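As structure tokens, the structure follows; a few thoughts come after it.
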Amino acid sequence: MQNLRYVGKNLFIEKLSIKNILKKNKTPFYIYSENQIGFNFLKFANTFKKSNPLICFAAKSNSNLNILRILGKLGAGADVVSGGELLKALKAGIKPKKIVFSGVGKTEEELKIAISKKILLINCESESEAKLINNLAKKLRKKVSIGFRLNPNVDAKTHKNISTGKAENKFGLSIKNFKIFLKTIRSFKNISLDALSVHIGSQILNDAPFRKTLNVMSKLIKELKLNLKYVDLGGGFGINYTDKEKPINLNKYSKLVHNFSKKLNCRIIFEPGRSIIGNTSLLISKIQFIKKGTNKNFIILDAGMNDFMRPALYEAFHKIIPISKNSSRMRGKIEFVGPICESTCKFGVYKNYPKINENEFVAITNVGAYGSSLSSNYNTRPLIAEILINKNKLRYIRKKQNLQKLINS
Ligand code: LLP
């Protein structure tokens, strides 16, 4: 990634060296490249330019207000999954007519906010939810646009914990049940079925599952003669976390999407998260201690699984690189671990790693998506700072949470 690179021995983010940034900032912290955020968003938009889709950034992947603001200014809408995310997207200046609301268990309170703020679509996932939206809309004397989420039963060929489009997953309605539901929806006078939506999973590196899903949707819409304003094709586009992986190539898919939208005369919505924000950030951490183990040495970092959950949750690989390169190597195996009292608080095993010492620093890479947004106060640890770099300018986009406040509840 061009905005995160070594200049000589030192790791830089845009025009600033991490070494310099560390002089005034305590670890651990997240650091982002604003230039890379813009680059990723515009690249995605450009890939699908012909279809002119509405690109609703999946706020769950990173819900930092300033990041939402940056993307909003670039033209992004938002895909939200809670009342909190919805209010944050609005606060970031994203127009209600660019917001879609997904999720299997939206509460009455959340739905009321969505209805009163007049967002573009509530992506409804069950008959009971449709009934509730209809009742609320009736009380509020509104007609509400909904999208209905389908479960196309397509295998996204990704980690089982982030696969969402198979029959066994809780998301959406099966085609069979959707057809039954279509008969009921006619009696719901305060909602209008304006869209269908799908989201088959995350970190998908091959376009075949997306093409398959598009076929399923196309067939169904024709068969049922649905007249839709939008088709929401979700997110899920994968990035390369390892040197061997290649990010998904969307050129072929983009042509199919264009034909699809032309034939059905509907606007396409996408909900990308990871592909926009994943590779824009590093988690900078200090080596607290190095301790000898039986078969390997433990490099104990000051960042824990509460700060960055992906390795513990999905055994996800995130390459760890030194802030300053050293040409000599450490012998044998090392394991990067965090301080939390859980065996899953670990970040990866390496052999013959470049020599590093206690009190030196490393960067955990590609942490922009589902990094900060999944972090927690586990072990009563404050949420860590988030810093945004633009060229040679540094901005705090979240201050480290105040410990004093944290210990009061
Ligand atoms: N739309 C919906 C309805 C979703 O559920 C998701 C992600 C997205 C869009 C965005 O997907 P993306 O483009 O980021 O792949 N915490 C996990 C990922 C969970 C994804 C949940 N849904 C991880 O760290 O890998």
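The values are calculated or read from the model by the stated rules, or taken from the named source; none is laboratory data. These figures come from a predicted structure and were not determined experimentally. Backbone-built Cβ (ideal geometry, glycine too); neighbour counts: all protein chains shown. Calculation scope for accessible area: heavy atoms of the full protein, side chains included, ligands and nucleic acids excluded. Shrake-Rupley method; radii C 1.70, N 1.55, O 1.52, S 1.80 Å.
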Any chance the stretch 244-252 includes a residue that's modelled with pLDDT of 95 or more and within 16 Å of the ligand (Cβ to nearest atom)? no
With the structure loaded, tell me whether Phe39 is in a helix (DSSP H, G or I), touching a helix residue (DSSP H, G or I) at 6+ places or on another chain (Cβ under 8 Å) and either among the acidic types (Asp, Glu) or open to solvent by 10 Å² or more (accessible area, probe 1.4 Å) (or both) or whether it fails that test. no
Can you find even one residue in the stretch 261-282 that is away from the ligand (no atom under 14 Å from the Cβ), over 26 Å from Ser102 (Cα atoms), touching a residue at least 12 places away in the same chain (Cβ under 8 Å) and surrounded by 14 or more Cβ atoms within 10 Å (Cβ to Cβ)? yes
Every listed condition ((1) closer than 18 Å to Asn123 by Cβ; (2) within 16 Å of the ligand (Cβ to nearest atom); (3) open to solvent by 30 Å² or more (accessible area, probe 1.4 Å)) holds for Leu205 save (1)
Options Lys50, Lys106; residue that is more than 29 Å from Asn279 (Cβ to Cβ) and either within 18 Å of the chain's Cα centre (by Cα) or not hydroxyl-bearing (Ser, Thr, Tyr) (or both): Lys106
Those residues of the stretch 115-136 which are within 15 Å of the ligand (Cβ to nearest atom) and touching a strand residue (DSSP E or B) at 6+ places or on another chain (Cβ under 7 Å) amount to Ile119, Leu120, Leu121, Ile122, Asn123, Cys124, Glu125, Ser126
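Just to be sure before I move on: is Ser82 at pLDDT below 95, surrounded by fewer than 22 Cβ atoms within 10 Å (Cβ to Cβ) and within 16 Å of the ligand (Cβ to nearest atom) in the structure I sent? Spell out how you get there, then give the answer.
Details: at pLDDT below 95: no; surrounded by fewer than 22 Cβ atoms within 10 Å (Cβ to Cβ): yes; within 16 Å of the ligand (Cβ to nearest atom): yes.
For Ser82, the condition - at pLDDT below 95, surrounded by fewer than 22 Cβ atoms within 10 Å (Cβ to Cβ) and within 16 Å of the ligand (Cβ to nearest atom) - is not met.
Anything in the stretch 207-229 that is charged (D, E, K, R), outside any helix (DSSP H, G or I) and in contact with a helix residue (DSSP H, G or I) (Cβ under 9 Å, 6 or more places away or on another chain)? List them, or say none.
Restricting attention to the stretch 207-229, the residues satisfying the condition of being charged (D, E, K, R) are 207, 211-212, 219, 222-223, 225, 229.
This time we only want the ones that are outside any helix (DSSP H, G or I), so: 207, 225, 229.
If the condition is that a residue be charged (D, E, K, R), outside any helix (DSSP H, G or I) and in contact with a helix residue (DSSP H, G or I) (Cβ under 9 Å, 6 or more places away or on another chain), then Asp207 is the only one that fits.
Are any residues in the stretch 301-345 assigned to a strand (DSSP E or B) and buried (at least 19 other Cβ atoms within 10 Å of the Cβ), and if so, which ones?
Step one: filter the stretch 301-345 for residues assigned to a strand (DSSP E or B), giving 301, 320-322, 324, 329, 333-337.
Matches in the stretch 301-345: Leu301, Ile320, Pro322, Ile334, Phe336, Val337.
Results for (1) in contact with a helix residue (DSSP H, G or I) (Cβ under 9 Å, 6 or more places away or on another chain); (2) more than 25 Å from Ile13 (Cβ to Cβ); (3) in contact (Cβ under 8 Å) with a residue 40 or more places away in the chain, shown as yes or no for each residue.
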| residue | (1), (2), (3) |
| --- | --- |
| Glu335 | no, yes, yes |
| Gly348 | yes, no, no |
| Lys351 | no, yes, no |
| Lys355 | no, no, no |
| Asn359 | no, no, yes |
| Asn366 | yes, no, yes |
| Ile384 | yes, no, yes |
| Leu388 | yes, no, yes |
| Lys391 | yes, no, yes |
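Take the residues in the stretch 137-170 that are closer than 13 Å to Gly234 by Cα and outside any strand (DSSP E or B); name whichever of them is nearest to the ligand (Cβ to nearest atom). Steps first, please.
Filtering the stretch 137-170 down to residues closer than 13 Å to Gly234 by Cα leaves 147-152, 156, 163-165.
Adding the requirement that they be outside any strand (DSSP E or B) leaves 151-152, 156, 164-165.
Numbers: Asn151: 12, Pro152: 13, Ala156: 10, Thr164: 6, Gly165: 10 Å.
Ranking the qualifying residues of the stretch 137-170, first place goes to Thr164.
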